[in-house]
Amino acid sequence: MSFSVSAGSEAGAYLQSVYESVVRRNPQEPEFHQAVQEFLESMEPVLVRHPEYRKHAILERLVEPDRLVSFRVPWVDDQGRVQVNRGFRVQFNSTLGPYKGGIRFHPTVNAGIIKFLGFEQTFKNALTGQPIGGGKGGSDFDPKGKSDLEIMRFTQSFMTELQKYLGPDVDVPAGDIGVGAREIGYMFGQYKRIRGGNEPGVLTGKGVQYGGSLGRTEATGYGCIYFVQELLASRGLELDGRRTVVSGSGNVSIYAMQKAQELGALVVACSDSAGYIVDPRGIDLELVKRIKLSEGGRISEYVRERPHASYHAGSGGIWSVPCEIALPCATQNELDAAAARQLASAGVIAVAEGANMPCTLEAVHLLLAAGVLFGPAKAANAGGVAVSALEMAQNSMRLSWSFEEVDRRLHAIIRDIYRNSVDAAEAYGFQGNLVAGANIAGFRKVADAMILQGVV
């Protein structure tokens, strides 16, 4: 696979060799390959201007995680049968601080997924300006359809092994897909049971009753909308009145919809893994919350109480709904080239990635070529980890900030991420391309620190 670099350039050939090495050494990990390629495509002008990065083999070191741990997770279901899942933790890079990144419980989880997420997390965390490195973890355990007791038994078994690698100044996990406050609570209880004492800073996303931060639940969705505000403001536009489509109906999607509606947007569609709903009057968010968060139901149930709305099987079709703002907030590679063409031809103004790498590389290239304002996940999705770092700070100081204080800090962090990404894009010849801007801004923070710390 070739890169978008100058033909025959020395830097381009070097980047190609780095990518080919990643593919050779990490076979059958397409998501990791994709994340690395997207990043390396931004690096040519950086290497030309800063030959010291090549001299110190920064790229070769960055694409190799510090360590990847894989372990067995045995647990007992409600029928008394022993089940076995596989757990992972990648500690990708701790140059800027302790490893930080969520834990994902989903049947698709494997080593390649965890590595792509940890690689992205390294630069996303750097962009926040907080002292945190990059990591990620998870298991192929599927929490859907499991009882609370089964989830507790599984998470306790998972933490029994994972705790060996954690600590407030070593590695601090959080939640992700399939891991919310309930799962974090079970893991925190098991950590304390094994290690003794009380180290609230070892996990984030905790309940506010025992060290969690106000605003953490809303942070990723809110942060995505704050980034969209910055994108629109660059063209003198506002979110008010904009027809908006948000994929997914989990935590990120729900709070992106909530903040968008607060700012006057008309959110007309959302989805789950089975299909999507379209409500031309605007999504009834309280109904979605009840169906998805309280009852654990399917989004198709929405139309029973809102008969003027329509349900469509197949979640990918959501991008055929005409909109001005599109927010892919479900999962990786959900928005492909065909969907990007549909959105661009229908007049979409801005696309911001609320999930991790939800757009394929070809889709990203098409949207940028069409002049669509594009917020990459490293920047638009950084709100969650930003507030996780704020939770760590509160735990260290034994303080608890108000929701308003956390939200104010979150908004300021997202604004800084946007400005730093714009500045980096302009400085290295990628004006208007915030994919490159975010890659470069995050990379330079990590790379410069790596050089100062020597070969480790």
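The values are calculated or read from the model by the stated rules, or taken from the named source; none is laboratory data. Note that this is a predicted model, so its numbers are computed, not measured. Counting neighbours? That spans all protein chains shown, and the Cβs are built from the backbone with ideal geometry, glycine included.
Annotations
- Here residue 319 passes the criteria (1) of a type outside the set (S, T, N, Q); (2) closer than 25 Å to residue 215 by Cα; (3) in contact with a helix residue (DSSP H, G or I) (Cβ under 6 Å, 6 or more places away or on another chain) except the one numbered (2).
- If you filter the range 212-239 down to residues that are polar (S, T, N, Q) and either in the same structural domain as residue 167 (by TED's automatic domain parsing) or assigned to a helix (DSSP H, G or I) (or both), you find that the one that is surrounded by the fewest Cβ atoms within 10 Å (Cβ to Cβ) is 217.
- Scanning the range 192-203 for residues that are more than 19 Å from residue 118 (Cα to Cα) and either within 25 Å of the chain's Cα centre (by Cα) or charged (D, E, K, R) (or both) gives 192, 193, 195, 199, 200, 201.
- Against the numbered list (1) modelled with pLDDT under 95; (2) of a type in the set (A, V, I, L, M); (3) touching a strand residue (DSSP E or B) at 6+ places or on another chain (Cβ under 7 Å), residue 456 comes up short only at (3).
- Residue match in the range 76-92 (condition: crowded, with 24+ Cβ neighbours inside 10 Å and either within 28 Å of residue 425 (Cβ to Cβ) or of a type in the set (A, V, I, L, M) (or both)): yes
- Breaking point among (1) within 23 Å of the chain's Cα centre (by Cα); (2) at pLDDT below 95; (3) surrounded by fewer than 19 Cβ atoms within 10 Å (Cβ to Cβ), for residue 177: (3)
- If you go through the range 24-64 and keep only what is under 17 Å from residue 92 (Cα atoms), buried (at least 17 other Cβ atoms within 10 Å of the Cβ) and either in contact with a Ser or Thr (Cβ under 9 Å, 6 or more places away or on another chain) or among the small types (Gly, Ala, Ser) (or both), you end up with 34, 35, 62, 63.
- Taken over the range 331-350, the criterion of being surrounded by 22 or more Cβ atoms within 10 Å (Cβ to Cβ) and touching a His at 6+ places or on another chain (Cβ under 9 Å) is satisfied by 340 alone.
- Residue check, residue 77 free of Cβ contacts under 8 Å to residues at least 60 places away in the same chain and under 26 Å from residue 160 (Cβ atoms): no
- Residue 155 falls short on exactly one of the conditions (1) buried (at least 21 other Cβ atoms within 10 Å of the Cβ); (2) assigned by TED's automatic domain parsing to the domain that holds residue 38, and that condition is (2).
- Every residue from the range 9-53 that is among the hydrophobic types (A, V, I, L, M, F, W, C), assigned to a helix (DSSP H, G or I) and either touching a residue at least 60 places away in the same chain (Cβ under 8 Å) or closer than 18 Å to residue 376 by Cβ (or both): 32, 35, 36, 39, 40, 46
- Annotation note: of 283, 291, 254, the sole residue that is of a type in the set (Val, Ile, Thr) and either modelled with pLDDT under 95 or in a loop (DSSP other than H, G, I, E, B) (or both) is 283.
- Residue check, residue 18 at pLDDT below 95 and surrounded by 15 or more Cβ atoms within 10 Å (Cβ to Cβ): no
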